[in-house]
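Here's the structure, in structure tokens; my notes come after.
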Amino acid sequence: MRLTAIGFACLFALTGAACAPTADLDGTSGRLVRTSNITLVQIAEDHVGGITGETQYGQKAIEAALPGFTTEGIQTANENSTEWALAAFNSDGFQVLQVFKGQNGKVRTVHGVTHHLQGPNGERIGMTFSEIGSSRADCRVGQNLWRGMAICHSDGHPNVELVYAIPGYDGPFDRLPAENDLFDAQLQRILWTPKS
């Protein structure tokens, strides 16, 4: 009898674990959370973490500007092509940033690619167009590899752009979709370019 009770308790525990969600839940509503309140890197108008317009492009310089991060070469897409960049990973191995090389040997642009970072107005990957409060007037249509996406300026920060994916959007691709189609567009990347 005792063995049966222990077996039942184990079966109950395994069943409960199998039904438990693996995604983060909002503690009050029980809804899945698309964003995070953990900030590994802050993107501001004049810097991304410790990366500035004067930061040399290279593993040592970028790792020095982002203490605790490591870098690795990756091939990734920007709007018009794929190219080699340095991906910056935090100590847990999350890819947080993609850093692109400029012609002057310095950093040309940085792409924020995780919800564990924050833009200059509090923007986070996974937030919607309406949550951020972007204006259609501050956006342009994405081209080539970012076809069907909306690329918008971060309010008050002309060198920071927000790249939104529009769920279910099937064109036309030569212009931005209507405002109501943008409402639920999700932020996919935050782009920072040093001021010239």
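Summary of values
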{"read-out": "Share antiparallel - DSSP beta bridges, the stretch 39-190, percent rounded to 5", "value": "95"}
{"read-out": "The stretch 52-196, dipole about Cα centre (Lys/Arg Cβ +1, Asp/Glu Cβ -1), debye to the nearest 20", "value": "460"}
{"read-out": "Hz values of 3J(HN,Hα) by residue in the stretch 180-191 - Karplus curve (6.51, -1.76, 1.60), Gly and Pro given as x", "value": "5, 6, 6, 3, 9, 4, 9, 5, 9, 8, 10, 9"}
{"read-out": "Distance (nanometres) between label positions extended 7 Å along Cα→Cβ at Ile74 and Lys60", "value": "2.4"}
{"read-out": "Amide proton proximity set for Lys106, modelled H, under 5 Å, gap of 5+", "value": "Tyr57"}
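Bear in mind that the values in this text are calculations on the coordinates, not laboratory data. Everything numeric here is computed off the predicted structure, so don't read it as measured data. Every residue, glycine among them, receives a Cβ derived from its backbone with ideal geometry; neighbour counts consider all protein chains shown.
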